[in-house]
Amino acid sequence: MQPDTLLAQAGNHSDPRTGALSAPIYQSATFSHPALGESTGYDYSRTSNPTRAALESTLAALDGGNRACAFSSGMAALDAVFRLIQDGPRKRVIITEDPYGGTVRLVEKFFRPAGLEPVYVDTSSIKAVEAALLQGNVAMILVEIPSNPLLRVADIRSLASLAHRSGALLAVDNTFLTPYLFRPFDHGADLIVYSATKYLSGHNDVVAGAVICRTEEWGARLAYMQNAVGAVLGPFDCWLLLRGLKTLGIRLERQQDNALGIARFLASHPQVCHVRYPGLADDPGHALLKRQAKGFGAMISFETDDPERIPDILKKVRVFSFAESLGGVESLITYPLVQTHADIPGDVRERLGINERLLRLSVGIEHVDDLIADLKHAMT
């Protein structure tokens with residue numbers, strides 16, 4: 001089925017006994033056994049829960065994967081990805097060099113001391129990734145598409161080929177595009193990770209994460225780890241996420257249209273010196289993302305000509321909310337330097353362009369004219 005149909009049907013038919021169209025919320029920690037040695041298929045909700053099972057089967061189907069696991073946050077999902085390779089013989093991990101700051105914090109504070117060696121690379125450059133792979137001992141490439149917050153676009157098919165030739169896995173953080181716009185497994189990826197808090201939920205009312213595995217082997221390993229560690233998504237949050245998924249397609253279509261209009265406005269504004277949005281024809285990642293995906297997403301980063309303008313802009317916006325996170329129906333504006341990317345060392349931020357002039361927009365579903373008017377007012 002097409003993604004639109006899978007999304008609209010999310011959670012349907014998960015309770016054939018009653019025929020409920022909305023997946024029931026099984027708010028139960030444990031389940032009784034019919035008899036000794038018998039089970040209904042559910043024993044304890046850390047291991048499995050019917051509401052979570054409905055969500056996980058939907059997520060696996062959307063990405064064309066073998067198995068999905070829903071976690072209590074995007075960071076818990078990412079933690080699970082690193083745990084999958086932590087005890088293997090290979091210890092190096094190539095990571096997009098401008099990732100979400102929480103990714104850097106997780107890797108540097110917890111997995112580097114445990115023996116993994118992160119190597120930060122511009123994953124939009126095939127040559128840079130090739131050079132890193134030549135150093136050997138690489139267990140995995142972790143790439144964001146597009147990257148956060150600089151919106152660089154990687155060639156996932158080429159990275160998958162490089163990874164597999166060297167015996168490494170390719171994991172793709174697909175939070176910004178979602179399976180509605182891009183399916184990494186179709187391009188050779190092995191694992192997909194989401195902060196489901198963002199577009200998959202879409203309403204800023206749940207914190208959640210997900211990992212989808214391409215093969216049965218990795219799916220079984222992930223499910224075992226999920227049960228052992230226990231960072232699972234609760235039944236009510238699973239239900240909220242299922243409800244949010246139903247409108248993902250129509251939300252993203254509106255958000256993308258709005259983002260393109262805003263990006264064009266910003267590109268012509270005299271106080272803006274650099275706009276990053278792959279949907280603009282002159283963006284470095286435009287042609288590649290157009291070949292790979294159904295759309296360009298709804299995230300924009302831009303630089304003002306003067307860092308002194310930043311506090312005023314953040315104070316004067318009324319339709320945009322000055323807040324962290326992204327992907328909801330409400331438009332947000334974020335200052336990466338002190339919010340989402342504060343854990344990246346200052347010299348690295350400056351080299352990459354995550355500087356004191358940079359703002360990031362998560363474009364929502366409001367009327368585009370109101371969003372543009374809000375930015376115009378804030379920058380006067």
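The ranking of Phe182, Phe322 from fewest to most other beta carbons within 10 Å of each one's beta carbon is Phe322, Phe182. Cross-link check: pairs Lys246/Lys294; Lys198/Lys294; Lys198/Lys246; Lys294/Lys376 evaluated at a Cα-Cα cut-off of 21 Å; pairs beyond the cut-off: Lys294/Lys376.
What separates the Cα centres of the stretch 343-364 and the stretch 176-205 is a distance of 23 Å. Computed over the stretch 270-315, the range of Cα coordinates on each principal axis works out to 39, 18, 12 Å, biggest value leading.
Measuring max minus min along each principal axis, the C-alpha atoms of the stretch 248-378 give extents of 36, 32, 28 Å (largest first).
I want to check the label-to-label distance for Thr40 and Ser158. Put each point 7 Å from Cα in the C-beta direction and report it in nm to one decimal. The answer from the label model is 5.3 nm. Note on the chain: GNM, Cα springs under 10 Å; of Gln135, Gln271, Gln226, the largest mean-square fluctuation is that of Gln135.
Counted by Cβ distance under 11 Å from Leu266, the other residues give a net charge of +2, where Lys and Arg count +1 and Asp and Glu count -1. For the chain, the percent of C-alpha pairs falling in each 20 Å distance bin, counted from 0 to the bin holding the largest distance, reads 29, 57, 14, 1.
Neighbour counting of Cβ atoms within 10 Å sorts the residues Trp239, Trp218, fewest neighbours leading, into Trp218, Trp239.
Taking a Cβ cut-off of under 13 Å around Leu134, the surrounding Lys, Arg, Asp and Glu residues balance to a net charge of +2, with basic ones at +1 and acidic ones at -1. Listed by chain and number, the lysines whose C-alpha is less than 22 Å from the C-alpha of Lys91, apart from same-chain residues fewer than 8 away, are Lys109, Lys127.
Here the residues Cys69, Cys273, Cys238, ranked from fewest to most Cβ neighbours within 10 Å of their Cβ, fall in the order Cys273, Cys69, Cys238. Return the FRET efficiency for the residue pair His33, His13: r is the Cβ-Cβ distance, R0 is 22 Å, and the value is rounded to the nearest 0.05. Plugging the Cβ-Cβ distance into 1/(1 + (r/R0)^6) gives 0.30. Computed with the Debye formula from one identical point scatterer per Cα of the stretch 119-212, without solvent, the log10 of I(q)/I(0) at q = 0.18, 0.19 Å⁻¹ comes to -0.78, -0.85.
Bear in mind these aren't lab numbers, they're just calculated from the coordinates by the rules spelled out. What you see is a predicted model, and the numbers here were worked out from it, not measured in a lab. Backbone-built Cβ (ideal geometry, glycine too); neighbour counts: all protein chains shown.
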